[in-house]
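Trainee: I have a structure here, written as structure tokens, and I will follow up with some questions on it.
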Amino acid sequence: MFGKLKEKLKNWTKNISEKLEEAEEEKVEEITEISKEDVKKEIKKVKEEKKKEKKESKEKKKQEKTEEKEEKVIKVKEEKEPEEEVKNIFKRFGEKISTIKISEKEFDVYSEELEMLLLENNVAMEVAEKIVKDLRKKIIGKEILKKELEDEIKDSFKDIIREILIEPPNLAVEIKDKFLNQNEPYVILFCGINGTGKTTTIAKIADNLKGRGISCVIAAGDTFRAASIEQIKTHGEKLGIKVIAHDYGSDPASIGFDAIQYAKKNSINCVLIDTAGRMHTQKNLLREMEKIVKVCKPDKKVFVGESITGNDAIEQVRSFNETIGIDGIVLTKADIDEKGGTALSVGYVTKKPILYLGTGQEYEKIEPFDKEKFIERLGL
Ligand SMILES: Nc1nc2c(ncn2[C@@H]2O[C@H](COP(=O)(O)OP(=O)(O)OP(=O)(O)O)[C@@H](O)[C@H]2O)c(=O)[nH]1
Ligand SMILES: [Mg+2]
């Protein structure tokens with residue numbers, strides 16, 4: 001999962017650290033060469049002074065013993081000076097050798113490459129630009145210990161991604177809270193284009209919630225696609241979860257409404273409403289979603305998109321968000337997504353959290369979205 005983006009990011013951070021370190025070493029070598037010259041000159045100067053003093057002291061041979069002693073003390077003191085000077089110079093350069101300051105010019109060489117690799121791995125343009133801009137702000141001009149350069153870049157990345165991803169709410173807690181406080185079922189409406197995994201996700205979530213002691217009822221709101229009602233009924237039977245269904249062609253809003261009434265009567269905690277897949281460009285079908293929203297007043301309107309579709313998923317989620325105002329996102333098929341950029345972008349462009357990742361076809365293959373786990377998966 002997300003292996004490509006992980007590998008590319010790893011290569012990029014390794015590459016930029018190594019290249020910057022090499023460039024810095026070349027600079028330091030030059031400086032050190034110059035400094036060696038300086039040291040030589042300094043030593044020569046001190047030696048000449050000492051010679052001159054020796055000569056003078058010979059001339060003063062006849063002076064008293066106490067004066068000679070004093071001179072010796074001065075000599076010893078002066079003999080130490082060249083060593084001190086060498087030490088100081090190398091101390092100064094030692095500090096320079098162990099730290100790096102990345103300049104704007106140096107960063108620019110690598111930033112284009114970074115932006116390209118992000119775009120190639122399904123990161124939306126605005127998100128790629130934000131990452132580059134934020135990384136620039138974080139690392140340019142900062143005094144960084146050479147041996148910590150790669151980690152410093154990785155840490156900066158981590159912080160940026162943490163900022164981009166939105167912290168998801170705990171759905172199970174919200175459902176329980178609503179039921180406890182209002183004695184009302186929590187209603188979740190699922191939407192998205194055809195075949196993204198809405199029905200499978202509903203079955204997975206129902207099963208997941210059941211495991212947490214939360215009861216569910218499913219509304220078979222896809223009355224359009226052939227065999228859709230049978231499909232969801234089969235899931236319900238397998239999982240032991242009630243499915244409310246009408247005939248094909250009937251109004252999905254009224255099925256949702258009936259499921260809510262059933263939940264109220266039977267003290268069921270949560271209602272999950274399935275809908276027919278519809279293209280985000282079909283305005284009349286999006287308006288049908290508005291009607292379901294008006295009638296069922298869902299607590300959460302969840303967009304279900306495929307992790308693998310990249311920019312298409314971004315367009316879809318934008319369109320659904322504009323029509324019905326979504327509250328959260330489920331990204332399915334993350335198990336077959338090598339890129340990972342959709343997960344990074346889809347929340348940022350809508351400012352809505354990813355609630356779950358679908359990670360396979362089986363019921364247990366669903367994970368509540370975890371920011372830190374995601375960052376870890378990117379190898380950061
Ligand atoms: N690998 C993988 N496959 C998935 C995942 N979620 C769903 N699928 C598969 O995707 C296909 C479509 O799933 P559905 O749940 O029928 O999708 P849908 O959005 O309800 O489709 P429509 O009702 O036709 O719009 C099925 O074969 C599922 O098994 C997932 O997380 N990973
Ligand atoms: Mg379906």
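Bear in mind that the values in this text are calculations on the coordinates, not laboratory data. Computed from a predicted model, the values in this text were never measured in an experiment. Here Cβ is always computed from backbone atoms with ideal geometry, including for glycine, and neighbour counts include all displayed protein chains.
Trainee: Only counting other Cβ atoms within 10 Å, I'd like Val187, Val304 sorted with the fewest neighbours first. Let's see the in-between values first.
Mentor: On the way: Val187 22, Val304 28.
Taking fewest neighbouring Cβ atoms as first place, the list is Val187, Val304.
Trainee: Compute the convex hull volume of the Cα atoms of segment 102-165, divide it by the residue count, and report the result per residue in Å³ as a whole number.
Mentor: Per-residue hull volume (Cα only) is 82 Å³.
Trainee: For the chain, take the longest principal axis of its alpha carbons; what is the angle in degrees between that and the long axis of helix 3-59, to the nearest 10 within 0 to 90?
Mentor: Here the helix axis deviates by roughly 10 degrees.
Trainee: Another question, if that's okay. Amide H of Ser215 versus every other amide H placed in the peptide plane: which residues, excluding those fewer than 5 positions away on the same chain, fall under 5 Å?
Mentor: Here Asn269, Cys270 satisfy the definition.
Trainee: Taking the chain as the reference, fit the longest principal axis to its C-alpha atoms, fit the long axis of helix 198-211 to the helix C-alpha atoms, and give the angle between the two in degrees, 0 to 90, nearest 10.
Mentor: Helix 198-211 sits roughly 80 degrees off the main axis of the chain.
Trainee: Another question about this same structure. Starting from the amide H of Val187, placed 1.01 Å from N in the peptide plane, find each other amide H under 5 Å away whose residue is 5 or more places distant or on another chain.
Mentor: Val271, Asp299, Lys300
Trainee: Would you grab the residues whose amide H sits under 5 Å from the one on Glu306? Only those 5+ places off in sequence or on another chain, please, with H modelled 1.01 Å from N.
Mentor: So Glu306 has HN proximity to Thr332.
Trainee: I've got another one for you. Give the order of Cys191, Cys216 when sorted by the count of other beta carbons within 10 angstrom, beginning with the fewest.
Mentor: Details: Cys191 30, Cys216 27.
Arranged by neighbour count, lowest to highest, Cys191, Cys216 become Cys216, Cys191.
Trainee: Using only Cα atoms, find the angle between the long axis of helix 311-324 and the longest principal axis of the chain, and express it within 0 to 90 degrees, rounded to the nearest 10.
Mentor: Once rounded, the angle reads 60 degrees.
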